[in-house]
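Asks: I'd like to ask some things about the structure below.
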Amino acid sequence: MIRIAICDDEANVRAYLTSLIRAQDCPCEIVEYASAGDCLADRREIDLLFLDIDLSAASPDGMALARQIRGGDPAAQPVIIFVTGYERYVFDAFDVGAFQYLLKPVDEEKFAQVFARAVRQIEADRDQPKVSHALTLQSAGVSRTVPLDSIYYIESSDHKVILHLKDGRFSCYARIRDLEAELGDRFCRIHKGYLVNLAYVEGYSKTELTLTNGEKLLISKYKYQDFVKAHLRFLKRGAGL
């Protein structure tokens, strides 16, 4: 059973998406929300969220809601599919780990394809051992849990590591190679001093990588081929290939 939520301020859009979901060969429960506030107030767990980016001005927009969800319990993160009438929001969607986006008016065939991939992703996640979506580190006797989605990259500096985050930096005593082993294939070592979150790679050349926040990092010639393979595997997983 797939637990699905639809958050859109237009009743006709919610009804249409519900009809498209019902047309798929998938047992599911569906709940509808007219605003981000309604969605946040209902604390039920969901597997898949269809989220309108341009919600009414009376409540947080869909992007703000997605950021709040991603900043919540790492063990209860839904697959998010954005539904929007504006292509300009497409790149912002991936900053919050969106699975895919659908442009309004939503095409039935496109919906069926994206829905099927999302269900496969949800089922695969259920079958696999739970993977941590956060990193817990110690600094000056204080424990801090950092969501992986908030990390652009990790830098090695002397006997410390510096986490470059969406909301600043955090440093602690640790070895970058230990974090590389712990974080798995979502992150890739591109240099002896850099461990990069592949979700935030915007582009690269043979010598340099550009992140979505505009920062540029050197790629070691010894790490380049491994990085290209890791990045390709990451993109294929995201595309459901």
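The values are calculated or read from the model by the stated rules, or taken from the named source; none is laboratory data. Here the structure is a predicted model, which means the values were calculated and not measured. Glycine also receives a Cβ, built like all others from the backbone with ideal geometry; neighbour counts cover every protein chain displayed.
Asks: Within the stretch 9-46, restricting attention to residues that are at pLDDT below 95 and acidic (D, E), which residue is nearest to I122 (Cα to Cα)?
Replies: E45
Asks: Condition first: farther than 20 Å from S143 by Cβ and touching a helix residue (DSSP H, G or I) at 6+ places or on another chain (Cβ under 6 Å). Can you find one or more residues in the stretch 207-218 that meet it? Steps first, please.
Replies: Restricting attention to the stretch 207-218, the residues satisfying the condition of being farther than 20 Å from S143 by Cβ are 207-218.
Then keep just the ones that are touching a helix residue (DSSP H, G or I) at 6+ places or on another chain (Cβ under 6 Å); that gives 211-212.
So far as the stretch 207-218 goes, yes, one or more of its residues are farther than 20 Å from S143 by Cβ and touching a helix residue (DSSP H, G or I) at 6+ places or on another chain (Cβ under 6 Å).
Asks: Please find, among H231, H191, H159, the residue that is out of contact with any Ser or Thr (no Cβ under 7 Å at 6 or more places or on another chain) and at pLDDT 90 or above. Give the derivation first.
Replies: Working: H191 fails: out of contact with any Ser or Thr (no Cβ under 7 Å at 6 or more places or on another chain); H159 fails: at pLDDT 90 or above.
Within the list H231, H191, H159, the selection yields H231.
Residue by residue, here is whether (1) β-branched (V, I, T); (2) crowded, with 20+ Cβ neighbours inside 10 Å; (3) closer than 16 Å to F115 by Cα; (4) not assigned by TED's automatic domain parsing to the domain that holds I122 holds:
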residue	(1), (2), (3), (4)
Y16	no, no, yes, no
E29	no, no, yes, no
L51	no, yes, yes, no
L55	no, yes, no, no
G62	no, yes, no, no
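Asks: May I pose another question? Could you grab me the full set of residues in the stretch 205-223 that are surrounded by 17 or more Cβ atoms within 10 Å (Cβ to Cβ) and touching a residue at least 24 places away in the same chain (Cβ under 8 Å)? Break it down into steps so the answer makes sense when it comes.
Replies: Residues of the stretch 205-223 surrounded by 17 or more Cβ atoms within 10 Å (Cβ to Cβ): 209, 211, 217, 219, 223.
L211, L217, I219, K223, listed by residue number.
Asks: Now a separate question. Suppose we filter Y173, Y152 for residues that are within 23 Å of R67 (Cα to Cα) and touching a strand residue (DSSP E or B) at 6+ places or on another chain (Cβ under 7 Å); which single one remains? Spell out the reasoning first.
Replies: Details: Y173 fails: within 23 Å of R67 (Cα to Cα).
Going through Y173, Y152 in turn, just one is within 23 Å of R67 (Cα to Cα) and touching a strand residue (DSSP E or B) at 6+ places or on another chain (Cβ under 7 Å): Y152.
Asks: Another question, then. Mind listing whichever residues of the stretch 206-233 are among the aromatic types (F, W, Y) and in contact with a Lys or Arg (Cβ under 7 Å, 6 or more places away or on another chain)?
Replies: If we filter the stretch 206-233 for residues that are among the aromatic types (F, W, Y), which is where we start, we get 222, 224, 227.
The answer is Y224, and nothing else.
Asks: Next up: Quick check: anything in the stretch 192-199 farther than 18 Å from R70 by Cβ, in contact with a Lys or Arg (Cβ under 8 Å, 6 or more places away or on another chain) and polar (S, T, N, Q)?
Replies: no
Asks: Here's a check for you: in the stretch 138-195, which residue that is of a type in the set (V, I, T) and out of contact with any helix residue (DSSP H, G or I) (no Cβ under 9 Å at 6 or more places or on another chain) is surrounded by the most Cβ atoms within 10 Å (Cβ to Cβ)?
Replies: Start the filter on the stretch 138-195 by keeping residues that are of a type in the set (V, I, T), which leaves 142, 145-146, 151, 154, 161-162, 176, 190.
Now restrict to residues that are out of contact with any helix residue (DSSP H, G or I) (no Cβ under 9 Å at 6 or more places or on another chain): 142, 145-146, 162, 176.
Numbers: V142: 8, T145: 10, V146: 16, I162: 16, I176: 20.
Among those that are of a type in the set (V, I, T) and out of contact with any helix residue (DSSP H, G or I) (no Cβ under 9 Å at 6 or more places or on another chain), it is I176.
Asks: Which of the residues belonging to the stretch 151-208 are in a helix (DSSP H, G or I) and under 21 Å from the mean Cα position of the chain (by Cα)? So that I can check it myself, show each step before the final result.
Replies: Narrowing the stretch 151-208 to residues in a helix (DSSP H, G or I): 176-186, 198-200.
Result: L179, E180, A181, E182, L183, G184, D185, R186, L198, A199, Y200.
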